[in-house]
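The values are calculated or read from the model by the stated rules, or taken from the named source; none is laboratory data. Quick caveat, the model's predicted, so the values are computed rather than measured. With ideal geometry, Cβ positions are generated from the backbone for all residues, glycine too; neighbour counts draw on all protein chains shown.
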Amino acid sequence: TWEHNVDVLKVIENLKKESVTVLAIEQVESAIFLQDFKVEKNKKYALVFGNEVYGVSQDAVALCDGCIEIPQLGTKHSLNISVSAGIVVWDLFEKMNWNL
């Protein structure tokens, strides 16, 4: 709904004011594939997920500092939000704790 989107936009704006890097998990032209995303030591990150039908709103994507895409093969290009969150959070956790 419109009200929900306004709340999400306010949260993104507030996080950015706190020097948090906000990343949308979405398939857009400028997205970085998850395996290519590099974390920066001591940087704070927030992730914005959409649902499997509508994704992240264009307004939210525009406010974010960037987008990460989970690479997928085949014709279906959406994952359940719990699956997406698990994949992305685990990947970033591994990069933050083992690759720095």
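Worth pointing out:
- Note on the stretch 27-48: residues that are surrounded by 13 or more Cβ atoms within 10 Å (Cβ to Cβ) and at pLDDT below 95 amount to 3.
- Residue match in the stretch 64-74 (condition: modelled with pLDDT of 95 or more, crowded, with 17+ Cβ neighbours inside 10 Å, under 18 Å from D7 (Cα atoms) and not aromatic (F, W, Y)): yes
To keep it simple, each residue is scored yes or no on (1) touching a strand residue (DSSP E or B) at 6+ places or on another chain (Cβ under 6 Å); (2) of a type in the set (F, W, Y); (3) part of a loop (DSSP other than H, G, I, E, B).
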| position | (1), (2), (3) |
| --- | --- |
| V11 | no, no, no |
| L15 | yes, no, no |
| L23 | yes, no, no |
| Q27 | yes, no, yes |
| Q35 | no, no, no |
| L47 | yes, no, no |
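- Residues of the stretch 8-26 satisfying the condition of being under 18 Å from M96 (Cβ atoms) and surrounded by 17 or more Cβ atoms within 10 Å (Cβ to Cβ): L15, V22, L23, I25
- First in the stretch 34-57 and at positive phi, second anywhere and surrounded by fewer than 17 Cβ atoms within 10 Å (Cβ to Cβ), Cβ under 8 Å, 6 or more apart: G55/Q27; G55/S78
- For the stretch 49-61, the set of residues classified as in a loop (DSSP other than H, G, I, E, B) and either under 19 Å from W90 (Cα atoms) or at pLDDT below 90 (or both) consists of G50, E52, V53, Y54, listed by residue number.
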